[in-house]
Amino acid sequence: MRVGLMMRVVTLPVLAAALAGCSAADRADRPGTVRAEISSAIYAPIAQQKADAAPLTEQEVFPAPALGVMKKESVSLTANCAAAVGADVDGCSQVVRGLFRGPELVGQVAVFNLGDVAQADALVHRFREELFLTPLASERAGTAMVRAMGHFVAVSWVSAEGDARPDLAEPLAALDLASRFVQARILAS
């Protein structure tokens, strides 16, 4: 009798934790696959916002009218980082977001400007585990890439529209090209 009771006490919390994890990962407004990378030494020159103080601009992050086959539909820049993810974002001074559409595709790119690399890496971990971008259009499931690059975090998310089943690898790589602005920031440091 005692063994059976112990099994229930141990099993229920484990089951509850497993179900809680599944529900967050399986939400329709979250990518099915999220590849996440913390910052590396190559971004050391821009590890601190103090050393790279220029604010982001829409033109800097999204200079072209398209990324691959996906055309830029809208861009927004705000200091309200919480609105982009539905939660507070420690150390975030601004986020610039772009909505893109292509044949049977919808995607968004968001770049967060944080105080330092530690805050950027922490945000990457949160994207991996607990939160994600609020959809700008009909994003659902799909695939995403989240990268800390010094004090910036770039998020690219692409998904199919409707019942289409296109290959998402190439459009995701194209959306990630928005993070090229970081190279110029490193060289300017």
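The values are calculated or read from the model by the stated rules, or taken from the named source; none is laboratory data. All values reported here derive from a predicted model rather than from experimental measurement. Cβ: placed from backbone, ideal geometry, glycine included. Neighbour counts: every protein chain shown. Each accessible area value is taken on the protein alone, full model and side chains, heavy atoms only, with ligands, DNA and RNA left out. Shrake-Rupley method; radii C 1.70, N 1.55, O 1.52, S 1.80 Å.
Let me confirm something: among Pro31, Pro13, which residue is surrounded by 14 or more Cβ atoms within 10 Å (Cβ to Cβ) and modelled with pLDDT under 95?
On the way: Pro13 fails: surrounded by 14 or more Cβ atoms within 10 Å (Cβ to Cβ).
Going through Pro31, Pro13 in turn, the sole match is Pro31.
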Check: Somewhere in region 107-128, is a residue in contact with a helix residue (DSSP H, G or I) (Cβ under 9 Å, 6 or more places away or on another chain), within 22 Å of Ile38 (Cβ to Cβ) and modelled with pLDDT under 95?
Finding: no
Next item on the list: Would you confirm whether any residue within region 159-168 is under 16 Å from the mean Cα position of the chain (by Cα), under 25 Å from Gln59 (Cβ atoms) and either touching a residue at least 60 places away in the same chain (Cβ under 8 Å) or surrounded by fewer than 24 Cβ atoms within 10 Å (Cβ to Cβ) (or both)?
Entry: no
Checklist line | Matching residues in region 58-76 - criterion: being within 18 Å of Pro103 (Cβ to Cβ) and in contact with a helix residue (DSSP H, G or I) (Cβ under 8 Å, 6 or more places away or on another chain) | finding: Leu67, Gly68, Val69, Met70
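Going through region 47-76 one residue at a time, which ones are part of a helix (DSSP H, G or I) and open to solvent by 60 Å² or more (accessible area, probe 1.4 Å)?
Of everything in region 47-76, those that are part of a helix (DSSP H, G or I) and open to solvent by 60 Å² or more (accessible area, probe 1.4 Å) turn out to be Lys50, Ala51, Glu58, Gln59.
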Check: Here are some residues: Val89, Val106. Which one is of a type in the set (Val, Ile, Thr) and either open to solvent by 40 Å² or more (accessible area, probe 1.4 Å) or without any contact (Cβ under 8 Å) to a residue 40 or more places away in the chain (or both)?
Finding: Val89
Next item on the list: Can you tell me which residue within region 77-86, out of those that are within 12 Å of Leu56 (Cβ to Cβ) and either under 15 Å from the mean Cα position of the chain (by Cα) or of a type in the set (Ser, Thr, Tyr) (or both), is least open to solvent (accessible area, probe 1.4 Å)?
Entry: Cys81
